[in-house]
Amino acid sequence: MIVMALSACVTLVACKEPVETRREPTNDMKARGLAAIERAGCGSCHKIPGLDWPAGRLGPSLEGFDDVGLIAGALPNRPDVLAAFIRNAPGVKPGSTMPPMPVSASEAEDIAAYLYGIDHD
Amino acid sequence: MIDALWGWPPPVLDPAGPYSAKVTTLSWSLFALGLVVTAIVVAALYVAIKGPDRWKAKLGGERAIWLGGVAFPGVVLTGLLIWGLTLTASLTESIRGDEMRIRVTGEMWWFRVQYLDADGSVAMEDANEIHIPVGVPVVLELESADVIHSFWVPHLSGKKDMIPGRRTLLRIEADRAGEFGGVCAEYCGGQHALMGFVTVAHDRQEWNVWLAGRRAGAAQAAASPASASEGASPYPGDADAYPTEAELLEQYDPRAGYRLFMDSGCAACHRIAGSDANGLAGPDLTYVGSRRTLGAGILANNRGTMVGWIGDSQSLKPGNRMPSYDVLTAKELGHIAAFLELQR
Ligand SMILES: [Cu+2]
């Protein structure tokens, strides 16, 4: 069992190298990102790893977000794009049903760092 | 927000007013006394195990039991009871007549807030947020609409039960401006842990501004509840990051929101002063746009959390008495949120 799980990990790592643009964020950034997520209330629509409550279901779960392809199925998967999307989703993806959120530019960067740095599996 | 209860020092040891200062005095005295008693017990234990035989015999004698086991606790506890009750008597002192009065009713699982006139009639309705001026004692008339709740804003006063069919009194006062979190402190069913509120203490000047704002808001609501107050952007912070006015109206149109609010059943449970919405089962929404929190002190209040709450409150606060509106589209939820943000 353990051997199977291990080999599964090994193959996963082997076929999904972290993309260059996905920096390894500092722990500081991640902590600030999670604090901003809690303060803004992103959990009222998303299930977010590291956040027990709230875990709303109106929006997609952000579990394993570091492995998604396109952001919201539309935008290139880059930290700067993600930060812009978090602040003003309908502005960068016309028609997006995620409302603009009241977070500052630097908070959005921290949140993006947090979401990318969840787990590098 | 309930968050305001965390951190160091704990609010009970960080009083923000004269009533809570008494509770703090009592708390420290109890801690100190507890330490003394613990020291005595440890000393006695040491004697009982390692002390000389003569001392051991004394400790086990009848005299020691009468003195240490009956007289000492009897005297100390009686003294403590009398002192504690005298010290905190002013917290529940009855109404003299000239105080500011607010009625707070515990409901499963939120707080109804009614500002009272001098003659006790309701002057203004609100929910989950209590505004008071700094330096003025405020009498709270505590009631319950269903089961026993307990009102506790530790920075400002002690705890007091809210009992169905009875009115209890509790005084609060702040000596500094600030936001002080409060909670229900008596288990009252499934969502007890998510039943909170915020007390906002304003200094003199700010208090007058707040009062004037409330009156203006009420007047505007009476004229036209769906009107978008010109120029007041619901988006705080730097504007360039946000969509243009036209884009906003497409997705978040308060007038459409008003119609949806009236047509979707919200008005049967919620009141908005000046409109036809006069339901009483849920929190008054006349000033919901100015609230610090949503869901009774549990979520920040912004467009996202507003949409999230209306569309999916059952995931956020399972079993709460508002249905999730997942029959509405995201756009419709956005319209309603835009409308509610203007109710301030
Ligand atoms: Cu309770």
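Taking region B:192-205 as the search range and keeping residues that are surrounded by fewer than 22 Cβ atoms within 10 Å (Cβ to Cβ) and within 14 Å of B:Val136 (Cα to Cα), which one is nearest to the ligand (Cβ to nearest atom)? Looking at the filtered set, the residue picked out is B:Val200. The condition (being touching an Asp or Glu at 6+ places or on another chain (Cβ under 7 Å), basic (Lys, Arg) and over 24 Å from B:Lys317 (Cα atoms)) is satisfied by just one residue among B:Arg63, B:Arg96, B:Arg103: B:Arg103. Could we say that B:Arg112 is more than 18 Å from B:Leu211 (Cβ to Cβ), away from chain A (no Cβ under 14 Å), more than 16 Å from the ligand (Cβ to nearest atom) and basic (Lys, Arg) here? Criteria not met by B:Arg112. For region B:315-323, does any single residue satisfy the condition of being within 8 Å of chain A (Cβ to nearest Cβ), assigned to a helix (DSSP H, G or I), over 17 Å from A:Ala89 (Cβ atoms) and modelled with pLDDT of 95 or more? Yes: region B:315-323 contains one or more residues that are within 8 Å of chain A (Cβ to nearest Cβ), assigned to a helix (DSSP H, G or I), over 17 Å from A:Ala89 (Cβ atoms) and modelled with pLDDT of 95 or more. The set of residues from region A:89-99 being at pLDDT 90 or above and facing another protein chain (nearest Cβ under 7 Å) comprises A:Thr97, A:Pro99. Of the residues examined, B:Asp161 is one that is closer than 15 Å to B:Phe111 by Cβ, in contact with a Ser or Thr (Cβ under 6 Å, 6 or more places away or on another chain) and either away from the ligand (no atom under 13 Å from the Cβ) or among the acidic types (Asp, Glu) (or both). Looking at region B:69-141, the strands (runs of 3 or more DSSP E) lying wholly inside it that each contain 2 or more residues that are assigned by TED's automatic domain parsing to the domain that holds B:Leu169 and aromatic (Phe, Trp, Tyr) sit at B:110-116. Screening A:Leu82 with (1) in a loop (DSSP other than H, G, I, E, B); (2) closer than 28 Å to B:Ala338 by Cβ; (3) in contact with a strand residue (DSSP E or B) (Cβ under 8 Å, 6 or more places away or on another chain); (4) not hydroxyl-bearing (Ser, Thr, Tyr) gives one miss only, at (1). Please determine whether any residue of region B:27-46 is within 30 Å of B:Asp203 (Cα to Cα), surrounded by 13 or more Cβ atoms within 10 Å (Cβ to Cβ), under 40 Å from the mean Cα position of the chain (by Cα) and not β-branched (Val, Ile, Thr). Scanning region B:27-46, I find at least one residue that is within 30 Å of B:Asp203 (Cα to Cα), surrounded by 13 or more Cβ atoms within 10 Å (Cβ to Cβ), under 40 Å from the mean Cα position of the chain (by Cα) and not β-branched (Val, Ile, Thr), so the answer is yes. Scan region B:265-278 for residues that are in contact with a helix residue (DSSP H, G or I) (Cβ under 8 Å, 6 or more places away or on another chain), surrounded by fewer than 16 Cβ atoms within 10 Å (Cβ to Cβ) and part of a loop (DSSP other than H, G, I, E, B) and report the count. The qualifying residues number 1. Looking across region B:279-295 at every residue that is more than 13 Å from chain A (Cβ to nearest Cβ) and small (Gly, Ala, Ser), the one that is surrounded by the fewest Cβ atoms within 10 Å (Cβ to Cβ) is identified as B:Ala281.
Of these, B:Gly189, B:Gly106, which one is more than 24 Å from B:Thr286 (Cβ to Cβ) and within 16 Å of the ligand (Cβ to nearest atom)? If you could, list the steps in order and put the result at the bottom.
Numbers: B:Gly106 fails: more than 24 Å from B:Thr286 (Cβ to Cβ).
The match here is B:Gly189.
The values are calculated or read from the model by the stated rules, or taken from the named source; none is laboratory data. The structure presented is a predicted model; accordingly, all values stated were derived computationally and were not measured. Methodologically, a virtual Cβ is constructed for each residue, glycine included, from the backbone with ideal geometry; neighbour enumeration extends over all protein chains shown.
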